[in-house]
Amino acid sequence: MIAEVIIDSRAKKLNRKFDYKIPENLTDLIDIGSRVLVPFANFKTLEQGYVIKIKEHTEFEVKEIAGLDENLSQEKIELARWMARKYFCNVSECIKLMLTPGTRSKEANKRMQDKKMNFVYLAEFINNEIVQENSIDINKLRGEKQKKAMEFIAKNEGMTIPEIIEFAGVSRETINSLVKKGLLRIEEQKVERNPLALKPKEKNNKLKLTQEQQNAYNKIEKTIEDKRFEEFLLYGVTGSGKTEIYMQLIEKIVNDDKGAILLVPEISLTPQMLDRFIGRFGKEKLAVLHSKLSVGERHDEWLKIKENRAKIVIGARSAIFAPLKDLGIIIIDEEHDNSYKSESNPRYNAKEIAEKICKDSNIPLVLGSATPDLSTFYKTQTKEISLLKLTKRANNSNLPTVEVVDLKKELATGNKSMLSQSLYNSIKQNLEDKHQTILFLNRRGYSTFIICRECGYTMKCPNCNISLTYHSFQNRLKCHYCGHEEQVVKNCPSCGSNKIRYFGTGTQKLEQEIKRIFPEASTIRMDVDTVTKKNSHEEILNKFKNENIDILIGTQMVVKGHHFPKVTLVGVIAADSSLNIDDFRANERTFQILTQVAGRAGRENLPGKVIVQTYNPDSFPIEFSKKQDYDLFYKTEINLRKQLKYPPFCDIIVIGFSGENVQEITNVSTYVYNMLKTNLEKYDVKVFMPMPAPIDKIKNKYRWRIIAKGDITEDVTIIINKCLQKFYESGIGKKTNIAVDVNPNNMI
């Protein structure tokens, strides 16, 4: 028997099949989807590969497969091949997304499986003379610490040594001494690293659905009963009870002994969502997958899913590949969120993967959002997606009132502060009323750029063509692209002048200003700089909620998915930051962010208020977000997109070139451009000439790009793949990296 194998390599030349003989001892074990070890070329070590087909014969003289590792299903292999064609990448890169985390090699696999810890128990021979009714007879022991340890362990057998040290307040030496005396025994056991282990379980009762919720539930339930694919958009205002519908749908799926995947944005994988699901379904049936978990935790959660011990998977983008058996539904919450699109190879869109899986499995796909992606909503108008509307908040609370403040008028009155008079007064009143406030500013750091007023010199990153940002707490200048840091300068490096000034506003500066203006207020900040440690995101949110902190200051991390009953005021410091980006989605992003952040206010019985500060009060995204009128925004924006022929009326492909040699990049991009232009002439696709990217240097690599705009059909996809493969085989531009992005989130 012969296996067709894809070699695990990023090299585009190796994105093809190689034939290998299956040894007799592995004939019954190797199947499509097997990860195998093979001798390749003249390499001294064995290479990993993936079996994508098995056949009887080959026309070549072939080597033999040396070993077997993990198995994937045939469905996963077919999905990987489909992804490779659609997203212009290697099959092996797609397969890696579907493998158990932490098992890239045999050594790594062994490390993952060998995770063991020491647990402490009472010695088996201890009789009732010492242990009486689960309590220690302290007269039989010497030393207060030993007595304390034995009493604690008698009531809490099976804890680890670090846990006993922490909770009983005794030393390791005390435990060791009791082991030597034969009173305690230590057992080494394999540990399942469970990220939900320390999460409290507070019972979450099933709620009675409103009429709107029930109608939406019934329509989705019908497709489950009919065992057919249908895609739904659950479009509901913030606080309309979308999560309750998700939970009741998942409850039905689990009761039918099937599995469910719930995708949530990485940025809003909040404790509140998990707490609700734990309270409803328990920890045993749940598995969670996201980037903040350790590799070991991801490994054990993956195995929990694979072994059918978990029926519900909650996770970020990559959870779409979870090996869940007998899948019954996929739900994608906050479907408009950018994090569902990968920014690194393979540059896949989790929503498209979900649609493919649901179609193949004949199950429903549910997308939920208060501010749907424009392309998704357009599909509801063309009847490709079924629209389900929730127009009222589930608890009958009112949407917050929204006030737009013109910062030009504030300047005219002499107010140069970061806070308008209206926002200042509202924060002051909120503090007096003992209510909570959220202040949103989508820029971290203290100042966004540093300039010399004498000669105009701007402090830039030496590795990237981008301004450095000043971070006051560390008193450092940082690049938010490559991580470069350097000391703060007092004199201009160009002219020597001391007229260095800091411009722009970040979350650090806002926090400092709030503390100065309201010294009596307690504040907490949440941005990329404050959530670097594991669980720090959760700790900040819990602290804000449980310790009644007055003001939460943050970037878009504070925008989505959070429910704080005491938040009655939300202030948007600079609404223009997303409006002025060089991207055709600027209007959409602005409307979405403002509507989502407004949805954090007044979610219970207390009335909510939102104050939006802007220099462009008449721009329609800001005007319609004030009214919280998505339908009106959609009608205006979709007409603009149609006139300019932007998505959803076309597709956009960005082919990026990066490397250290500008001349080579120029030659390579021109070569690829000429090939594409010639081969795509008869299709409705316009290929633009190669140009430097808006940020033309990152991490010491120059960046150019080609943009193709049009209807990217299956035929067009095949042609682009063939052109790229021809380039890879030509040997031209060996030091230039190429990355292809279909409908990218970021045009920069």
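Taking amide hydrogens as placed 1.01 Å from N in the peptide plane, the amide H of Glu284 sits under 5 Å from that of no residue at least 5 positions away in sequence or on another chain.
Derived scalar couplings between HN and Hα for the stretch 570-583 equal 10, x, 9, 6, 9, 5, 7, 4, 8, 6, 9, 6, 7, 7 Hz in order, rounded to whole Hz, by the Karplus curve 6.51 cos²θ - 1.76 cosθ + 1.60 (θ = phi - 60°), x for Gly and Pro. Based on C-alpha pairs under 8 angstrom that are at least 6 apart in sequence, the chain has a relative contact order of 10 percent.
In plain terms, the residue of Asp582, Asp741, Asp651 with the fewest other Cβ atoms within 10 Å comes first and the most crowded comes last, giving Asp582, Asp651, Asp741. The fewest-to-most ranking of Asp19, Asp333 by surrounding Cβ atoms within 10 Å reads Asp19, Asp333. Among the cysteines of the chain, Cys89, Cys94, Cys358, Cys482, Cys650, Cys723 have no other cysteine beta carbon within less than 4.7 Å of their own. Mean separation of Cα pairs under 8 Å and 6 or more residues apart, divided by the residue count, gives the stretch 211-390 a relative contact order of 36 percent. The amide H of Leu387, built 1.01 Å from its N in the peptide plane, has Leu233 as neighbours under 5 Å, considering only residues 5 or more places off or on other chains. 3J(HN,Hα) couplings calculated from phi for the stretch 336-346 with the Karplus curve 6.51 cos²θ - 1.76 cosθ + 1.60 (θ = phi - 60°) are, in sequence order, 6, 5, 5, 5, 6, 9, 6, 9, 10, 5, x Hz; Gly and Pro show x. The alpha carbon centroids of the stretch 716-732 and the stretch 627-671 are separated by 22 Å. In this simple spin-label model, placing a label point 7 Å from the Cα along the Cα-to-Cβ direction at both Ala586 and Val295 gives a separation of 4.2 nm. So what's the gap between the Cα centers of the stretch 244-263 and the stretch 278-337, to the nearest angstrom? Cα centroid to Cα centroid, the span is 12 Å. Pairs of Cα atoms nearer than 8 Å and 6+ residues apart set the relative contact order; for the stretch 631-735 it is 33 percent.
Using Cβ point charges alone (K and R +1, D and E -1), the dipole size of the chain about the Cα centre works out to roughly 1380 debye.
Phi-derived couplings, Karplus 6.51 cos²θ - 1.76 cosθ + 1.60 at θ = phi - 60°, listed residue by residue for the stretch 250-258: 5, 4, 5, 4, 5, 5, 8, 6, 10 Hz, with x used for Gly and Pro. Work from the charge dipole of the chain (Cβ charges, +1 for Lys and Arg, -1 for Asp and Glu, about the Cα centre) and give the residue of Asn71, Ile305, Thr507 farthest towards its positive end. Selected residue: Thr507. Any chance you could check the Cα centroid distance between the stretch 28-47 and the stretch 674-702 for me, in angstrom? Using only Cα atoms to place each centre, the spacing works out to 37 Å.
Based on DSSP H segments of at least four residues, each scored -39500 (n - 2.57), the chain has a per-residue ellipticity at 222 nm of -10000 deg cm²/dmol. Beta bridges per DSSP, both residues in the chain: antiparallel share near 55 percent.
Using the number of other C-beta atoms within 10 angstrom as an exposure proxy, rank Trp82, Trp302 with the fewest first. Let's see the in-between values first.
Numbers: Trp82 16, Trp302 24.
Ordered by Cβ neighbours within 10 Å, fewest first: Trp82, Trp302.
In this structure, the amide hydrogen of Leu327, modeled 1.01 Å from its nitrogen in the peptide plane, lies closer than 5 angstrom to those of Gly259, counting only residues at least 5 positions away or on a different chain.
Roughly how many debye, to the nearest 20, is the charge dipole of the stretch 424-524 about its Cα centre, given +1 on each Lys and Arg Cβ, -1 on each Asp and Glu Cβ, and no other charges? Numbers along the way, then the final one.
Numbers: 14 positive and 8 negative charges, 51 e Å.
Roughly 240 debye for the stretch 424-524.
Any read-out appearing in this document is the output of simple, stated calculations on the displayed coordinates, not a laboratory observation. What you see is a predicted model, and the numbers here were worked out from it, not measured in a lab. Virtual Cβ from ideal backbone geometry, glycine too; neighbours counted across all protein chains shown.
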